[in-house]
1. From the list P52, P59, pick out the single residue that is within 25 Å of H141 (Cβ to Cβ) and either surrounded by 17 or more Cβ atoms within 10 Å (Cβ to Cβ) or in contact with a strand residue (DSSP E or B) (Cβ under 9 Å, 6 or more places away or on another chain) (or both).
2. Those residues that are in a loop (DSSP other than H, G, I, E, B) and at pLDDT 70 or above, I need them from the stretch 40-61; list them, please.
3. Where residues in the stretch 190-209 are part of a helix (DSSP H, G or I) and of a type outside the set (D, E), which of them is farthest from E277 (Cα to Cα)?
4. Within the stretch 210-235, which residues are more than 29 Å from P257 (Cα to Cα) and either in contact with a strand residue (DSSP E or B) (Cβ under 8 Å, 6 or more places away or on another chain) or part of a helix (DSSP H, G or I) (or both)?
5. State all residues of the stretch 236-282 that are touching a Pro at 6+ places or on another chain (Cβ under 9 Å), in a helix (DSSP H, G or I) and within 17 Å of Y192 (Cα to Cα); if no residue qualifies, say none.
6. Which of the residues spanning the stretch 127-150 are more than 16 Å from A285 (Cβ to Cβ), out of contact with any helix residue (DSSP H, G or I) (no Cβ under 6 Å at 6 or more places or on another chain) and assigned to a helix (DSSP H, G or I)?
7. Where the second residue is among the small types (G, A, S) and at pLDDT 90 or above and the first is within 24 Å of L106 (Cβ to Cβ) and lies in the stretch 223-246, which pairs have Cβ atoms under 6 Å and are six or more apart or on separate chains?
Amino acid sequence: MVEGELAQDPLVGATLGGLYHVQRLIGVGGMGRVYEATHTHLGKAYAVKVLPEGRADKPSAVERFLREAKSATTIDHEHIVKVVNCDTDEEHRLFIVMELLDGENLAERLLRGPLPVDEAVDIVRQTGEALQAAHDAGIVHRDLKPENIFLTQKHGKSFVKVLDFGISKIKTPDHGDPKLTATDQIIGTPLYISPELARGMSVVDHRTDVYALGVILYEMLTGSPPFTGQNHFQLLYKHGNEAPDPPSQRSKKANIPPHVEAAVLRAMEKDPADRFETMDAFCHALRGPTVPRRARTLGLPLLGAALAAGAAFLLWPSPAPMEVTEPPEPAPAAVTKKSEVPAETSPIEPVAPPVRLALDSRPAGAFVAVNGEKRGRTPVEVELAPGLEATVRFSLPGYRSQERRIVPNEGDALVVRLKKKTRPKPSPIKTDF
C-alpha cells in the first residue's frame with residue numbers, strides 16, 4: 001500500500017452514519033478497510049472498519065463481519081480491542097467502530113528479530129488471559145496470528161490487544177454452534193494453523209488457539225516460525241504431521257529456559273488431548289518452578305525466636321548502678337551457653353547423594369523431560385533428588401505423550417509403552433484459504 005493510494009481513498013473526508021468523520025486510511029485487510037475517524041459531537045478519534053462494497057452483498061462476509069463485533073463485545077476484556085458501535089450508514093455501508101490503538105502489531109515487531117524471553121512470555125501471558133476469557137464465554141478465535149496481536153504501551157511496557165474475531169466460533173444458547181467456512185476469507189501463508197484445522201476437521205475447540213499461541217511464542221523466541229514451505233499444501237502437511245525442532249536447537253543464543261521450551265512443545269502437540277487443557281494452564285507452565293511455601297516461610301520461626309529473645313532481654317531486671325563494677329560471675333557461662341543455641345553452629349546434615357533412574361520406552365527414541373527439563377532420548381539414565389516427587393514426560397512423534405509422577409529410589413527403572421495416535425481419515429485439502 002503506497003501513500004498515494006492511502007490519500008486517494010474515496011471514503012476519506014466522508015462522514016459515516018452522520019457521526020464519524022473519516023480522517024485517513026490506516027490499514028487494509030481481507031475483510032475490511034480500517035480508517036481513523038473523529039466523532040462529530042465528541043471530538044474523539046476512533047478506528048472504523050468498513051466492509052468493502054464488493055463483499056456487502058455476500059451473506060457469509062456480512063456474518064463474519066458482524067461476528068467480529070459481537071464476539072468482542074461479548075467478552076469485554078482489557079486485552080481485547082473494545083468495540084463501541086456497529087451500524088450501517090445511508091449508503092448501506094456496514095461499519096464497526098473500535099477504540100483507536102497506538103503502536104504496532106506483533107508481525108511488525110517480529111520483522112526486527114526475536115524478542116527477549118521475558119518479553120515474549122509476557123506477551124503470551126496477556127494474550128492468553130484474553131483468550132481464556134473468550135473460551136470461558138464459549139468463543140474460539142481460530143485465526144490467531146501475529147497480525148491479530150496488537151502491542152500498545154502502558155506504564156512503559158507492551159500492552160496486548162487481541163484483534164479480529166471475524167472467524168471465531170461462538171457457542172451460546174442463542175446462537176447455537178454455527179459453522180463459518182473459510183470461503184470468503186483471504187489468509188496468507190497458514191503458518192499458525194492447528195493440525196485439526198489443517199486436516200479440515202469440522203469440529204474444533206479452544207485447544208486450536210493453544211496450538212496457535214504456542215507457534216507464535218516459538219517464533220518470538222527463535223525469530224522464525226517452526227514450519228515453512230513453498231506453498232499452502234506443504235505447510236498444512238507439516239502442521240498436521242511433523243514434529244517441530246526444539247526452539248533451543250533453532251536459536252542456541254536465545255538462552256531459552258527448559259520450562260519455557262517444554263511448555264512451547266506441549267502447546268504444539270499434534271493431538272489436542274496432549275496439549276494444555278486451558279490457556280491458564282499454558283501460561284502457568286511458562287512461569288517456571290516456584291519456591292515451595294515452606295521454603296519461603298522458613299525464616300518466620302527464626303524471626304519469632306529472635307523477637308522473643310529481644311523481649312526477654314528488655315524485661316530482665318537491671319542491676320543497681322552501684323553494683324555494676326564488673327560483670328557478675330555467671331555471665332560468661334550464660335554467654336557461652338547462649339552461643340551454643342543459634343542455628344549457625346548446629347551440625348550441618350549431610351546432603352543425600354542423587355539417585356539414578358533408568359528410563360526407557362517402547363518404542364525407544366522418545367524425548368524425555370523431567371520436571372520440564374530435557375534429559376535426552378530413551379533409553380537414558382538420569383540423576384534425581386531422593387525422596388522428592390518428579391514428573392517425567394515421554395513424547396514421540398506419531399504417539400500419544402505420557403506423563404508419570406514418581407518418587408525415585410536408587411536403581412529404579414521406568415519403562416512406558418507409548419500408544420500410537422489414531423489419525424482421522426484424510427479429507428480433501430481445501431484451497432479456499
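1. P52
2. Answer for the stretch 40-61, where residues must be in a loop (DSSP other than H, G, I, E, B) and at pLDDT 70 or above: T40, H41, L42, G43, K44, L51, P52, E53, K58.
3. Within the stretch 190-209, the match that is farthest from E277 (Cα to Cα) is A198.
4. Correct list: H232, F233, Q234.
5. L236, K238, H239, G240, N241, P247, V264, L265, P272
6. Selection gives A130, H135, D136, N148.
7. G223/G113
The values are calculated or read from the model by the stated rules, or taken from the named source; none is laboratory data. Keep in mind that this is a model prediction, so the values were computed, not measured. Note that each Cβ is placed from the backbone with ideal geometry, even for glycine, and that neighbours are counted across all protein chains shown.
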